[in-house]
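K.L.:
Below: one structure in structure tokens.
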Amino acid sequence: MSVKLLAGRYELLEKIGDGGMAVVYKARCRLLNRFVAIKILKPEFAKNPDIIESFRRESQAAAGLSHPNIVGIFDVGREGNLHYIVMELIEGQTLSKMIEKEGPIEYHKVIDITKQIASGLSYAHKHHIIHRDIKPHNILMTPDGVAKIADFGIAKAMSESIDDDSEEMVMGSVHYFSPEQARGGYVDEKSDIYSLGIVMYEMLTGRVPFDAETPVQVALMHINEQMIPPSRYVPTIPPRLEAIILKATAKVQVSRYANVDEIIKELDKIELISAVVGEEAVAPEIRKTDRTALDKQKKEAPAEKKKRNKKNSEGNSRKYIIIGAVLLAAVAVIASIFVFGGGKGKVVVPDLRGYTYEEAEQELESLGLEIEKGNEVFSDEYDEGQIVSQSPKPDMEVKKGKSIRVNISKGSGMETVPNVIGMTESQAREALEAKGFQLGRVTEEESSQVAGTVVRQSPVSGTEAESGSAVDIVIAKEVQKQEVAMPGLLGKSLASAQAAIENAGLTVGNVTYAYSSDYPEGQVMEQQYGSGTSLEKGTSVSIVISKGAEPQEPEEPSDNEEDE
């Protein structure tokens, strides 16, 4: 690259990345004396004003995000035809490289990485920014295991610039597209949730769920085909973790988690149960033949722990043994209460609220209990498909084999109406259906707004309405041009001409004056448009007023007359 110093302060040192739309350089900021990463839009995209504007707008929005799991953006600018973003320099590797080297990744590590990504997405979503291109290539991993989301700046620009000549770039993202992205439909934060579920799948199995020879084939698989559960490839995956992936990647947006915070809570539950009761409570169906595979996934073998412990003094060893015994006893007591209920042949009923029916069924089965489906009820607290209440209640002690009756949420009775102003009819329909509403009556009216877009809606956005109810919209239609006839003005006085122009629905334009031998002084001698001409209403009409006949200059006397 010919330019070595950008914006007078960024010294480009070496190229460290090359993506579909941009090239990334390691650079040094001379002003602050620190290393940074600079992403420069490729020349073929720098010629497209729409991409440039989207690049600028989205980058500036992302620059306002400050979160430990999001790559920080320091500056956005342009020098000549170079459009660039100055970012935090991450010394490490992409998650895609980690999967390539380590995949399948041990599930505890997958939970940790997922929670970090979800935390960054939660922060972005709360600031009304959707990434649109979550994939392992856009997750940077630091040497100490911190996950950072990158490429907020060009995610939208990329989605708006895909064409037939960019197949390689599309192929890189289509494996993680949500069905609505594959259809070119309405995209919201649940699209990021779907992509995160695909990333979890790939971390756990070392492969993506859908793959084919062309991007179109992969996109159709996202829309139409059910994914193979990840446990088919890696049997040691805990069922509760698999259930999270399957819910996050539901084909229909309303069937996914309402937000990424719910995913974090579910992952926290798995970690808590694993820590208190043990790994078998999280993945009870792990076969003995699978133990070797599970042990290989662990980063630290028991032999290595013993080797370190030998370095401790005999006194410390004795102290740790005592403490360890106490802790093991405590865990054993907790486990016996959790699993067996503290009594012979009895168990403590777990709190199933927030679980799906399938998750609750697995949980109860591991405790020797049965499940019975109760009623479907409206709930503002729990999403559709989640358990709202149960009988017997949580923490009650019951005999093994007891059936637990659960009531399932069919969603909130009331929902917040989304804003569809400015959308086309089809976009409005998708946005409403994604939030549980139906498109109601569609009418048109003349408007100065863009024809074919929504100018009004009822109920208005932000109000509460019954889930499943209809939202009426008004679509702008182009204002019809009204034609009027040009009146005849020749011979009229200025005042009469002005009145005739205005009465016809036109406006008076320039009024100028000139000599005329045909029209007396003060009369219209010329008009801009001929009488009877069809004009658009409001057109400006200029006229020329006669100053009368041009004065004659006196004749010069002849030479003979001067002699006399």
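The values are calculated or read from the model by the stated rules, or taken from the named source; none is laboratory data. It should be emphasised that the depicted structure is a prediction, and the values quoted were computed from it without experimental measurement. Positions of Cβ are backbone-derived with ideal geometry, glycine not excepted, and every protein chain shown enters the neighbour counts. Side chains included, ligands, DNA and RNA excluded: accessible areas come from the protein's heavy atoms. Shrake-Rupley method; radii C 1.70, N 1.55, O 1.52, S 1.80 Å.
K.L.:
So Leu82 clears everything in (1) at pLDDT below 90; (2) open to solvent by 60 Å² or more (accessible area, probe 1.4 Å) except one condition, right? Which one?
P.N.:
It fails just one condition, (2).
K.L.:
Taking region 218-241 as the search range and keeping residues that are under 15 Å from Arg207 (Cα atoms) and touching a residue at least 60 places away in the same chain (Cβ under 8 Å), which one is surrounded by the most Cβ atoms within 10 Å (Cβ to Cβ)?
P.N.:
Ile237
K.L.:
Assuming Ala37 fulfils every condition listed in (1) out of contact with any Ser or Thr (no Cβ under 9 Å at 6 or more places or on another chain); (2) part of a helix (DSSP H, G or I); (3) modelled with pLDDT of 90 or more apart from one, which condition is it?
P.N.:
(2)
K.L.:
Considering region 165-214 alone, what residues qualify as being at pLDDT 90 or above, among the hydroxyl-bearing types (Ser, Thr, Tyr) and open to solvent by 20 Å² or more (accessible area, probe 1.4 Å)?
P.N.:
Passing the criteria: none in range.
K.L.:
Need at least 1 residues that are within 59 Å of the chain's Cα centre (by Cα), at pLDDT 90 or above and within 20 Å of Lys481 (Cα to Cα) per element, so show me which strands (runs of 3 or more DSSP E) inside region 492-561 make the cut, counting only ones lying wholly within it.
P.N.:
Numbers: elements: 507-514, 524-527, 534-536, 540-546.
Passing ranges, in order: 507-514, 534-536, 540-546.
K.L.:
Determine, yes or no, whether Glu384 is within 30 Å of Thr453 (Cα to Cα), modelled with pLDDT under 90, within 32 Å of the chain's Cα centre (by Cα) and surrounded by 15 or more Cβ atoms within 10 Å (Cβ to Cβ). Let's see the steps before the verdict.
P.N.:
On the way: within 30 Å of Thr453 (Cα to Cα): no; modelled with pLDDT under 90: yes; within 32 Å of the chain's Cα centre (by Cα): yes; surrounded by 15 or more Cβ atoms within 10 Å (Cβ to Cβ): yes.
Answer is no for this residue.
K.L.:
Cβ contacts < 8 Å: first residue at negative phi, restricted to region 77-101; second residue of a type in the set (S, T, N, Q) and in a helix (DSSP H, G or I), any location; separation 6+ or different chain. Result?
P.N.:
Matching pairs, first to second residue: Ile85/Ser59; Thr94/Asn138.
K.L.:
Next up: Quick test of your reading of the structure: Ser426 fulfils all but one of (1) touching a residue at least 24 places away in the same chain (Cβ under 8 Å); (2) of a type outside the set (D, E, K, R); (3) not in a strand (DSSP E or B). Name the failing condition by number.
P.N.:
In the conditions (1) touching a residue at least 24 places away in the same chain (Cβ under 8 Å); (2) of a type outside the set (D, E, K, R); (3) not in a strand (DSSP E or B), Ser426 misses (1) alone.
K.L.:
When you go through Gly20, Gly8, Gly77 one by one, which is the residue that is assigned to a loop (DSSP other than H, G, I, E, B) and under 27 Å from Lys135 (Cα atoms)? Walk me through how you get there before you give the answer.
P.N.:
Working: Gly8 fails: under 27 Å from Lys135 (Cα atoms); Gly77 fails: assigned to a loop (DSSP other than H, G, I, E, B).
Only one candidate qualifies: Gly20.
K.L.:
I would also like to ask the following. So how many residues does region 446-491 have that are β-branched (Val, Ile, Thr) and closer than 30 Å to Ser542 by Cβ? Full working, then the answer.
P.N.:
Looking only at region 446-491, we keep the residues that are β-branched (Val, Ile, Thr), and these are 450, 453-455, 460, 463, 471, 473-475, 479, 484.
Checking the rest, the ones that are also closer than 30 Å to Ser542 by Cβ come to 479, 484.
Total satisfying the criteria: 2.
K.L.:
I'd like to know if region 150-162 contains one or more residues that are surrounded by fewer than 17 Cβ atoms within 10 Å (Cβ to Cβ) and modelled with pLDDT of 90 or more.
P.N.:
Scanning region 150-162, I find no residue that is surrounded by fewer than 17 Cβ atoms within 10 Å (Cβ to Cβ) and modelled with pLDDT of 90 or more, so the answer is no.
K.L.:
Restricting to region 57-68, give me the number of residues that are in contact with a strand residue (DSSP E or B) (Cβ under 6 Å, 6 or more places away or on another chain) and either outside any helix (DSSP H, G or I) or crowded, with 16+ Cβ neighbours inside 10 Å (or both). Break it down into steps so the answer makes sense when it comes.
P.N.:
Residues of region 57-68 that are in contact with a strand residue (DSSP E or B) (Cβ under 6 Å, 6 or more places away or on another chain), as a first pass: 59-60, 62-63.
After this cut, where a residue has to be either outside any helix (DSSP H, G or I) or crowded, with 16+ Cβ neighbours inside 10 Å (or both) as well, the list is 59, 62-63.
Final tally of qualifying residues: 3.
K.L.:
Could I ask something else about it? Among Gly462, Gly468, which is within 30 Å of Phe378 (Cα to Cα) and open to solvent by 40 Å² or more (accessible area, probe 1.4 Å)? Don't jump to the end; show me each part of the working.
P.N.:
Values: Gly468 fails: open to solvent by 40 Å² or more (accessible area, probe 1.4 Å).
After applying the criteria, what remains is Gly462.
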